[in-house]
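**Q** Structure below; questions to follow.
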Protein chains: 4
Amino acid sequence: MVDAALAEAARLGVPQCVAVVDSGGHLLAFARSDGARIGSISIALTKAVSAATRKRPTAEEGGGDPIMTIRLALAAERLTGIGGGLPLVIDGHVVGAVGVSSGTVDEDTTVARAGLAALA
Amino acid sequence: MVDAALAEAARLGVPQCVAVVDSGGHLLAFARSDGARIGSISIALTKAVSAATRKRPTAEEGGGDPIMTIRLALAAERLTGIGGGLPLVIDGHVVGAVGVSSGTVDEDTTVARAGLAALA
Amino acid sequence: MVDAALAEAARLGVPQCVAVVDSGGHLLAFARSDGARIGSISIALTKAVSAATRKRPTAEEGGGDPIMTIRLALAAERLTGIGGGLPLVIDGHVVGAVGVSSGTVDEDTTVARAGLAALA
Amino acid sequence: MVDAALAEAARLGVPQCVAVVDSGGHLLAFARSDGARIGSISIALTKAVSAATRKRPTAEEGGGDPIMTIRLALAAERLTGIGGGLPLVIDGHVVGAVGVSSGTVDEDTTVARAGLAALA
């Protein structure tokens with residue numbers, strides 16, 4: 001998944017941080033490409049953990065309402081409503097998630113989707 | 001950089017905390033002038049770390065949208081959208097950053113700029 | 001480096017967590033093989049960060065004295081004297097480090113060495 | 001104090017991290033010389049905070065007994081028995097402290113003393 005996501009990031013010309021976690025939100029794999037921001041490492045991980053443990057894309061957190069997602073984030077750890085975190089669903093079960101950060105939200109989401117697609 | 005920033009702070013008559021970090025966000029130098037707030041030490045450091053590791057002025061974080069920067073800050077550590085953190089760019093590369101806190105955002109930014117200018 | 005380390009881990013029949021960081025101690029790559037302990041994720045990262053930012057193998061921390069390494073660990077973050085963290089030295093400069101955890105200290109060290117060797 | 005300490009460090013040929021805090025243990029000034037370990041930043045700060053808030057040289061913490069200092073460190077924050085933290089005493093009052101880290105304990109202590117001496 002990480003390799004596929006990084007390949008998509010390279011195709012877009014956007015350096016990225018890509019994190020993959022299991023269903024418990026624990027890190028399985030991570031890669032940061034040259035030029036990706038150090039300050040995005042933690043954001044990629046938060047997106048992945050959020051998507052895995054909340055069982056939904058980060059962009060759909062709090063019904064998509066930014067203020068609600070802030071209130072949720074303040075009540076939890078590693079929960080975010082910023083797009084770029086996608087759950088990995090197999091046979092209807094969330095078995096993990098991928099989180100991407102260092103580009104725009106659209107770029108992050110595209111790269112995360114490429115990661116998921118590699119398993120399809 | 002710290003000396004130049006403090007000189008500008010003295011010229012403005014505003015006590016300040018000034019932090020300089022390397023490209024990894026690790027502290028290189030710090031100074032707090034008489035009267036600067038203890039509670040601003042950590043803010044100055046956060047501004048510097050944010051500017052260095054996110055490779056952009058803190059005021060430009062999250063596209064300048066306060067709600068978005070709150071959401072980002074909740075997904076990371078030492079990330080802020082409050083002005084006063086500026087990356088130090090040499091030959092197109094972010095090699096570190098300066099963060100200033102204890103005055104208004106405008107004063108902090110002016111003092112941070114004076115720090116950067118000292119290296120020009 | 002991560003792939004080479006995991007290959008060695010597979011050869012030994014020991015599931016492992018492998019973390020690679022840059023000279024600032026920031027995560028570059030990570031992988032956890034099937035069966036490796038979730039509780040070892042953070043230890044692998046700590047070993048890598050310690051070796052990179054202290055510029056020495058974790059086993060040589062505090063002169064190899066367990067009590068001294070406990071005292072150092074209490075004065076810092078992500079510093080450990082447990083073997084399995086090795087700095088990556090190029091031309092005499094520490095440019096990063098690898099940290100391995102989930103096996104015995106000997107196994108972790110062997111896997112970390114295999115990671116370093118992949119770059120030689 | 002920082003400048004004097006760094007001058008002594010240069011004389012010894014040992015890169016150092018030097019932290020100066022006020023009586024409340026809050027950072028007043030900091031400098032890291034080229035080559036000093038990133039992993040020593042926090043240790044220098046801990047030594048300074050410990051010396052200021054415990055009003056004694058770090059080497060005298062817990063009566064100099066390593067096990068006792070570990071027990072104390074586990075019960076507090078930023079308390080250490082590792083030498084290199086010295087309180088700054090004026091007219092019998094502890095008004096702050098200096099903490100040094102990145103060399104041996106002897107080197108750190110020598111550099112810390114040079115920092116104190118600059119105020120005498």
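**Q** Within region A:86-97, is even one residue surrounded by 24 or more Cβ atoms within 10 Å (Cβ to Cβ) and within 23 Å of B:R56 (Cβ to Cβ)?
**A** No; the residues of region A:86-97 include none that is surrounded by 24 or more Cβ atoms within 10 Å (Cβ to Cβ) and within 23 Å of B:R56 (Cβ to Cβ).
**Q** Out of all the residues in region B:100-120, which are hydroxyl-bearing (S, T, Y) and assigned to a strand (DSSP E or B)?
**A** Once the filter is applied, which keeps residues that are hydroxyl-bearing (S, T, Y) and assigned to a strand (DSSP E or B), region B:100-120 yields only B:S101.
**Q** Follow-up question, since we're still on this one. For region B:32-56, how many residues meet the condition of being farther than 26 Å from D:V98 by Cβ and not in a helix (DSSP H, G or I)?
**A** Residues that pass the stated criteria total 3.
**Q** Name the residue, out of D:A29, D:A59, D:A76, that is of a type in the set (A, V, I, L, M, F, W, C) and either in a loop (DSSP other than H, G, I, E, B) or modelled with pLDDT under 95 (or both).
**A** The unique qualifying residue is D:A76.
**Q** Still on this structure, please answer the following. Considering region A:62-73 alone, what residues qualify as being acidic (D, E) and in a helix (DSSP H, G or I)?
**A** If the condition is that a residue be acidic (D, E) and in a helix (DSSP H, G or I), then no residue fits.
**Q** With C:G85, C:G24, C:G63 as the choices, which residue is in contact with a strand residue (DSSP E or B) (Cβ under 6 Å, 6 or more places away or on another chain) and within 25 Å of D:D34 (Cα to Cα)?
**A** C:G85
Okay, residues lined up against (1) surrounded by fewer than 23 Cβ atoms within 10 Å (Cβ to Cβ); (2) without any contact (Cβ under 8 Å) to a residue 40 or more places away in the chain; (3) within 25 Å of D:G83 (Cβ to Cβ):
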position: C:C17; (1), (2), (3): no, no, no
position: C:V21; (1), (2), (3): no, no, no
position: C:D34; (1), (2), (3): yes, yes, no
position: C:R37; (1), (2), (3): yes, no, no
position: C:S50; (1), (2), (3): no, no, yes
position: C:P57; (1), (2), (3): yes, yes, yes
position: C:E60; (1), (2), (3): yes, yes, yes
position: C:P66; (1), (2), (3): yes, yes, yes
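**Q** Taking region B:1-26 only, how many residues are over 26 Å from B:A76 (Cα atoms) and part of a loop (DSSP other than H, G, I, E, B)?
**A** Final tally of qualifying residues: 4.
**Q** Looking at region B:54-74, which of its residues are hydroxyl-bearing (S, T, Y) and out of contact with any Lys or Arg (no Cβ under 6 Å at 6 or more places or on another chain)?
**A** Passing the criteria: only B:T69.
**Q** For C:I70, only one of the following conditions fails: (1) within 12 Å of chain D (Cβ to nearest Cβ); (2) under 12 Å from the mean Cα position of the chain (by Cα); (3) among the β-branched types (V, I, T). What is its number?
**A** (2)
**Q** While we're on this one: Sort through C:R113, C:R54 and tell me the only one that's within 26 Å of A:S33 (Cα to Cα) and more than 10 Å from every other protein chain (Cβ to nearest Cβ).
**A** Of the residues listed, the single one that is within 26 Å of A:S33 (Cα to Cα) and more than 10 Å from every other protein chain (Cβ to nearest Cβ) is C:R113.
**Q** On to the next question. Looking at the structure I just gave you, is A:A97 part of a helix (DSSP H, G or I), out of contact with any Phe, Trp or Tyr (no Cβ under 6 Å at 6 or more places or on another chain), more than 8 Å from every other protein chain (Cβ to nearest Cβ) and touching a residue at least 12 places away in the same chain (Cβ under 8 Å)?
**A** Judged against the criteria, A:A97 is not a match.
**Q** Residues A:G84, A:G64, A:G99: which one is over 13 Å from the mean Cα position of the chain (by Cα), within 17 Å of B:A75 (Cα to Cα) and not aliphatic (A, V, I, L, M)?
**A** Of the residues listed, the single one that is over 13 Å from the mean Cα position of the chain (by Cα), within 17 Å of B:A75 (Cα to Cα) and not aliphatic (A, V, I, L, M) is A:G64.
The values are calculated or read from the model by the stated rules, or taken from the named source; none is laboratory data. Fair warning: this is a prediction, and the values are worked out from it, not measured in the lab. Please note: Cβ atoms are built from the backbone with ideal geometry, for glycine as well, and neighbour counts cover all protein chains shown.
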